[in-house]
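Visitor: The structure's right below; bear with me while I get my questions together.
Coordinate-derived values only; no laboratory data. All of these numbers come straight from a predicted model, not from anything done at the bench. FYI the Cβ positions are ideal-geometry reconstructions off the backbone, even for glycines, and counts take in every protein chain you see.
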Amino acid sequence: MTDSEFMTFFAEAASAGFRAFKIKVGHRDPHRDLHRLELLRQVVGSDVQVMIDANEAWTVEEAAQRLTLFRDSGFPILWAEDPILRDDFDGLRALRAMVPWVQVNSGEYLDISGRRRLLQAGGTDILNVHGRITEVMRIGWLAADMGVGVSLGNTFLETGVHAACALPEVRWMEYSFQNYDHLVDEPILIRDGHAHVGRRPGIGFALSSAAREAWSAPEVLETEELAIGPVCAVLQRHRQAPTPMSDSHTAARI
């Protein structure tokens, strides 16, 4: 986003009643990150919760330096999401000790086994989960057993709100203003920064008839009518040309 788009987006979120905001950081120039934090404060005020997501941009030392810089520049941060590599469990544990004023949020990109090892290593203050409900419930209960908070990352149509309500340690759920509400008759109600769960059974959604008519797929084409993509064309040439056994193994791996 440009600075103008950034400010417009968060001003609209604030006007909708949200009181917690997450922004991307991790730019090579730390002053670029400070600039965005200042813009955020200008549009939403200082009496809010601010989270940052570095998308694994830093080393442990860099993360500690940046988080210290943000604090000393007057920007209190609730959590730093994925500040370093996702599977550097020792580094995440060390970072928690180095910056105790910021909570580390990690686990979004790990599978259930990786999240278990992350918890066992003491590498996160908040476990980030989303995706398959069964997997979320399993690891969410383990986090609760270990006294670790849980946040629900982005989930399609906010289906994660059901898991959030069913687990004891969920404190936050992300909302990204993704325009999927038109697909169902009654979407999850988001009002004043809170998700309001309906009382219909299961996930509670019914596919909208209007959406089904407007967004239905085109007629199915026969195989011979399909265009050949670049990868398929390469494989097709491999199949047609006489090649030694070693080359055919290479084509199979592709």
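Visitor: So who's got an amide H within less than 5 Å of the one on Asn128, skipping anything under 5 residues away but keeping other chains? H placed 1.01 Å off N, in plane.
Guide: Close amide H contacts, sequence-distant or interchain: Ser106, Gly107, Glu108, Ser151.
Visitor: According to a simple spin-label model (label point 7 Å from Cα along Cα-to-Cβ), what is the distance in nm between His35 and Thr8?
Guide: 1.9
Visitor: Could you compute the net charge surrounding Trp215? Neighbours are other residues with a C-beta less than 15 Å from the C-beta of Trp215; K and R count +1, D and E count -1.
Guide: Residues near Trp215 contribute -3 overall.
Visitor: Can you give the calculated 222 nm mean residue ellipticity of the chain, where each DSSP H run of n ≥ 4 adds -39,500 (n - 2.57) and the sum is split over every residue, rounded to the nearest 500 deg cm²/dmol?
Guide: Estimated from H runs of four or more residues: -12500 deg cm²/dmol.
Visitor: Quick one: what do you get for the chain if you divide its Cα Rg by 2.2 N^0.38 Å? Kindly include the intermediate steps, with their values, before the conclusion.
Guide: Working: Rg = 22.7 Å, N = 254, 2.2 N^0.38 = 18.0 Å.
The value comes to 1.26.
Visitor: Then there is this: Name the residue farthest towards the positive end of the dipole of the chain from the options Leu189, Ala166, Phe156, assuming +1 on Cβ of Lys and Arg, -1 on Cβ of Asp and Glu, about the Cα centre.
Guide: Ala166
Visitor: Kirkwood hydrodynamic radius (Cα pairs, Å) of the stretch 2-121?
Guide: 14.9
Visitor: Next up: Using Cβ contacts closer than 10 Å as the measure, can you line up His31, His130 from fewest to most?
Guide: His31, His130
Visitor: Please list, by residue number, everything in the stretch 192-210 whose backbone N is under 18 Å from a paramagnetic label point 7 Å out along Cα→Cβ of His182.
Guide: It comes to 206-210, nothing else.
Visitor: Among Trp215, Ser15, Gly122, which residue has its Cα furthest toward the positive end of the charge dipole of the chain, with +1 on Lys/Arg Cβ and -1 on Asp/Glu Cβ?
Guide: The residue sitting most towards the positive pole is Gly122.
Visitor: Calculate the length of the line joining the C-alpha centroid of the stretch 44-109 to that of the stretch 110-147, in whole Å.
Guide: Between the Cα centre of the stretch 44-109 and that of the stretch 110-147, the gap is 19 Å.
Visitor: Find out how many positive minus negative residues lie around Phe205, taking Lys and Arg as positive, Asp and Glu as negative, among other residues whose Cβ is under 12 Å from that of Phe205. Spell out each step's value before the answer.
Guide: Values: positive: Arg200; negative: Glu158, Asp181, Asp185, Glu186.
So the surrounding residues net to -3.
Visitor: Report the charge-dipole magnitude of the stretch 154-196 in Debye, nearest 20, computed about the Cα centre from +1 at each Lys and Arg Cβ and -1 at each Asp and Glu Cβ.
Guide: 120
Visitor: Something else about it: Would you compute, for the Cα atoms of the stretch 83-184, the largest minus smallest coordinate along each principal axis and list the three values in descending order, in whole Å?
Guide: 45, 24, 22
Visitor: Could you give the nm distance between label points at Arg200 and Asp90, where each point is 7 Å from its Cα heading toward the beta carbon?
Guide: The modelled label-to-label distance comes out at 5.1 nm.
Visitor: Amide H of Val184: which non-local residues (sequence gap of 5 or more, or other chain) have their own amide H closer than 5 Å, using H built in the peptide plane?
Guide: Here the answer is Ser208, since their amide H atoms fall under 5 Å of that of Val184.
Visitor: Treating only the Cβ of Lys, Arg, Asp and Glu as charged (+1, +1, -1, -1), what charge dipole size does the chain show about its Cα centre? Round to the nearest 20 debye.
Guide: Dipole of the chain, to the nearest 20 debye: 560 debye.
Visitor: Can you compute the radius of gyration and Dmax for the stretch 114-173, using only the Cα atoms, both in Å?
Guide: Here Rg and the maximum Cα pair distance are 10.4, 33 Å.
Visitor: Excluding Phe75 itself, calculate the net charge of residues whose Cβ lies under 12 Å from the Cβ of Phe75, where each Lys or Arg counts +1 and each Asp or Glu counts -1.
Guide: Charge balance in the 12 Å sphere: +1.
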